[in-house]
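Below: one structure, written as structure tokens.
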Amino acid sequence: MPASHTLSKEEQKYLLKLARNAIVKFLNKEKTDFEKPPYEILNEKRGTFVTLTINKELRGCIGNIIPAYTIQEGVIRNAINAAFNDTRFFPLAKDELKDVEIEISILTKPEDLKFKDYNELLKLLKPEYGVILENSGYSAVFLPQVWEDLPDKEEFLSHLSMKAGLDSDAWKDKKTKIKIFEVQAFHE
């Protein structure tokens, strides 16, 4: 996988503050657009995810894999969407904000993983990869952080298949396509 520019500590701090400010502004019904980013890298179009947790429990996670937005715009959009539009949760309430921890993931461009059968797929997969599974018009993605909860490769792929709305063994189907990407993740 090609290495992408990694964000400095200052750039990371800026984005975490930006994400929190976007959520606060949305909660207060204020306009959420922001000035030009102070770092040139934040104008780069990249996939981004924003994950919210409270007491280490997921509270919202939304992102875009395809680099459709600049890093700055993606973080703002995904922070608001993770807080208020993740359909697995009620919209974030003001009294929860103090307990929320924000994690941001910046993605490399997804690349096709070439393999001849599922045994080779298992050999090629590594826990540092995020994985996109596609089959018959269905797809799902797991960020590399999911490996912490699902370290077994077969279990990881079974859960990813089910997340896509497919049978748990869909990852073994010859029609299944796998893309991989890497992530730079950082949190408050």
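Counting only residues that are β-branched (Val, Ile, Thr) and part of a helix (DSSP H, G or I), which one in region 6-47 is farthest from Ile106 (Cα to Cα)?
It comes out as Val24.
Only one residue in Leu143, Leu122, Leu113, Leu107 is touching a residue at least 24 places away in the same chain (Cβ under 8 Å), under 18 Å from the mean Cα position of the chain (by Cα) and within 23 Å of Asp167 (Cα to Cα). Which one?
Leu143
Can you find a residue in region 48-71 that is assigned to a helix (DSSP H, G or I) and either at positive phi or surrounded by fewer than 20 Cβ atoms within 10 Å (Cβ to Cβ) (or both)? Steps first, answer last, please.
In the first step, residues of region 48-71 are kept if they are assigned to a helix (DSSP H, G or I); the result is 71.
Add one more test, that the residue is either at positive phi or surrounded by fewer than 20 Cβ atoms within 10 Å (Cβ to Cβ) (or both), and what stays is none.
Scanning region 48-71 turns up no residue that is assigned to a helix (DSSP H, G or I) and either at positive phi or surrounded by fewer than 20 Cβ atoms within 10 Å (Cβ to Cβ) (or both).
Given the condition under 24 Å from Ile54 (Cα atoms), buried (at least 19 other Cβ atoms within 10 Å of the Cβ) and not charged (D, E, K, R), answer yes or no: does some residue in region 164-182 qualify?
Among the residues of region 164-182, not one is under 24 Å from Ile54 (Cα atoms), buried (at least 19 other Cβ atoms within 10 Å of the Cβ) and not charged (D, E, K, R), which makes the answer no.
Collect the residues in region 8-36 that are free of Cβ contacts under 8 Å to residues at least 24 places away in the same chain, among the basic types (Lys, Arg) and closer than 16 Å to Ile102 by Cα, keeping them in residue-number order.
Selection gives Lys9, Lys13, Lys17, Lys25.
Assess whether Ile54 counts as being outside the structural domain of Ala170 (by TED's automatic domain parsing), at pLDDT below 95 and not hydroxyl-bearing (Ser, Thr, Tyr).
no
Counting only residues that are assigned to a loop (DSSP other than H, G, I, E, B) and within 17 Å of Lys29 (Cβ to Cβ), how many does region 77-109 have?
Qualifying residue count for the region: 4.
Residues Arg46, Arg88, Arg59, Arg77: which one is under 19 Å from Val141 (Cα atoms) and in contact with a Pro (Cβ under 7 Å, 6 or more places away or on another chain)?
Of Arg46, Arg88, Arg59, Arg77, the one residue that is under 19 Å from Val141 (Cα atoms) and in contact with a Pro (Cβ under 7 Å, 6 or more places away or on another chain) is Arg46.
Can we say Leu121 is outside any loop (DSSP other than H, G, I, E, B), touching a strand residue (DSSP E or B) at 6+ places or on another chain (Cβ under 8 Å), of a type outside the set (D, E, K, R) and farther than 25 Å from Leu52 by Cα? Before you say what the answer is, go through the steps one by one.
Details: outside any loop (DSSP other than H, G, I, E, B): yes; touching a strand residue (DSSP E or B) at 6+ places or on another chain (Cβ under 8 Å): yes; of a type outside the set (D, E, K, R): yes; farther than 25 Å from Leu52 by Cα: yes.
In short, yes.
Report the residue count in region 114-150 for those that are among the hydrophobic types (A, V, I, L, M, F, W, C), surrounded by fewer than 19 Cβ atoms within 10 Å (Cβ to Cβ) and within 16 Å of Ile65 (Cα to Cα).
2
The values are calculated or read from the model by the stated rules, or taken from the named source; none is laboratory data. All figures in this text were calculated on a predicted structure; none of them were measured in a lab. Glycine gets a Cβ as well: all are built from the backbone with ideal geometry, and neighbour counts include every protein chain shown.
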